[in-house]
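This report refers to the structure that appears directly beneath it.
The values are calculated or read from the model by the stated rules, or taken from the named source; none is laboratory data. In this text the structure is predicted, and so the values were computed from the model without any measurement. Neighbour counts are summed over all protein chains in view; Cβ atoms, including those assigned to glycine, are modelled from backbone coordinates with ideal geometry.
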Amino acid sequence: MRSPAWLPLEAVDGPAMRLVYLDEAAYRAASFLDQRLLGIGYEQQVCGLAVVEAAAARLAPRSHYIFHTGHVGSTLLSRLIGAHEGLFSVREPALLRSLGAPAGSALQLDAALALLGRTWRPNQRAVVKTTSFVSELADPILAADPGSVAIFVFARPLVYLRGILAGPNSRVENRHLAPSRLQRLTRRLGEGELSPRPHSEGECVAMSWLCEMTALHQAAVSFEGRVLWVDFDTFLGNPAPGLQAMFRALGASPSEGEVEALVAGPLMRQYSKAPEYAYDAELRRRVLQSADTEHGAEIKRGMNWLKEIAMHHRLVEAVRERVAPEGA
């Protein structure tokens, strides 16, 4: 209860929870607070589920959140936000991922949020960056944590298609997640069979974008005053005011000089999920351009699919109107 040092990671037989011991440096280093931590050598313990639940019951959810569509720079934004002394970044906890999975979680949502809201110091506020498919839970998470603010990070559909198709790993991930995303999107539209159904790879990538965006859109409708939308490529074009706006939304007030130092610093020149690799806005631009050359036909199929499905579903058109003007 006193600190986030013991991170509840996953359920084990018992019923119990596996906990991993992390200090502040370990949290700063981790891009994913999931089972990948087990191979690093951090201390582990197993704790009875009833003990974990009892601790959570004595805490109240008090986090802010970053939701996103996947592969849109949310890890970079989380690292920049976490550089502020009053904000504590918690990236992609497995605890929320399990709540968003079909099998569910051993902990209830309120308990998970309470534990993820723990901080090192009383004047800090946790900022939890979720995994992309946890967007499905954006509405209930914001309802359960009434003092929270959420940053919704996205890319316009053309940029998203280019970004996913440009990366071999992101293409594999998209194929893996596409069936569950199709089920989620079909359920959300609530009109029986999705029409038209996506078939080609480009159409499936577009469907993935639409699945996560409709989840965020519906949460934003319910909690409009507590949501800040961030177009990642707009942010990259002028990062200082974009970062300052995020800090203001999260209740922080760094000086102009502090923000300028952050955007001029090393975080903006590293691949945020693996900081040992260089990555910046110019490299992103070249990667996106390469997708036009190598995957132009699939990109066109995906964009055409989005236009066609918008003619059949008002919710889809509302999402396109919110973040993707014609031709974007």
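Some points to look at:
- Counting only residues that are closer than 15 Å to L7 by Cβ and part of a loop (DSSP other than H, G, I, E, B), region 112-129 holds 4 of them.
- Segments classed as helices (runs of 4 or more DSSP H), wholly inside region 1-95, with at least 3 members that are surrounded by 13 or more Cβ atoms within 10 Å (Cβ to Cβ) and touching a Leu at 6+ places or on another chain (Cβ under 8 Å): 49-57, 74-82
- In region 110-136, residue nearest to the chain's Cα centre (by Cα) [restricted to those that are surrounded by fewer than 19 Cβ atoms within 10 Å (Cβ to Cβ) and without any contact (Cβ under 8 Å) to a residue 60 or more places away in the chain]: D110
- Pairs linking a residue in region 157-172 that is more than 13 Å from G70 (Cβ to Cβ) to a residue that is of a type in the set (K, R), with Cβ atoms under 7 Å and 6 or more positions apart or on different chains, are L165/R171.
- Top-ranked residue in region 148-201 [being charged (D, E, K, R) and not in a helix (DSSP H, G or I); ranked as modelled with the lowest pLDDT]: E191
- Residue check, E260 under 17 Å from E308 (Cα atoms) and either in contact with a Lys or Arg (Cβ under 6 Å, 6 or more places away or on another chain) or without any contact (Cβ under 8 Å) to a residue 24 or more places away in the chain (or both): no
- Qualifying residue in region 261-274 (condition: outside any loop (DSSP other than H, G, I, E, B) and more than 24 Å from A30 (Cβ to Cβ)): no
- For region 229-244, taking the residues that are under 19 Å from the mean Cα position of the chain (by Cα) and not in a helix (DSSP H, G or I), the one that is surrounded by the fewest Cβ atoms within 10 Å (Cβ to Cβ) is identified as W229.
- Options S195, S200: the member that is among the hydroxyl-bearing types (S, T, Y), closer than 19 Å to R314 by Cα and either crowded, with 18+ Cβ neighbours inside 10 Å or more than 14 Å from the chain's Cα centre (by Cα) (or both): S195
- Condition check for A297: within 15 Å of I164 (Cα to Cα) and assigned to a helix (DSSP H, G or I): yes
- Selection of first residues in region 176-204 that are within 21 Å of D139 (Cα to Cα) and of second residues that are in a loop (DSSP other than H, G, I, E, B) and of a type in the set (A, V, I, L, M, F, W, C), restricted to Cβ pairs under 6 Å at least 6 apart or on distinct chains, gives the following pairs, ordered by first then second residue: T186/L194.
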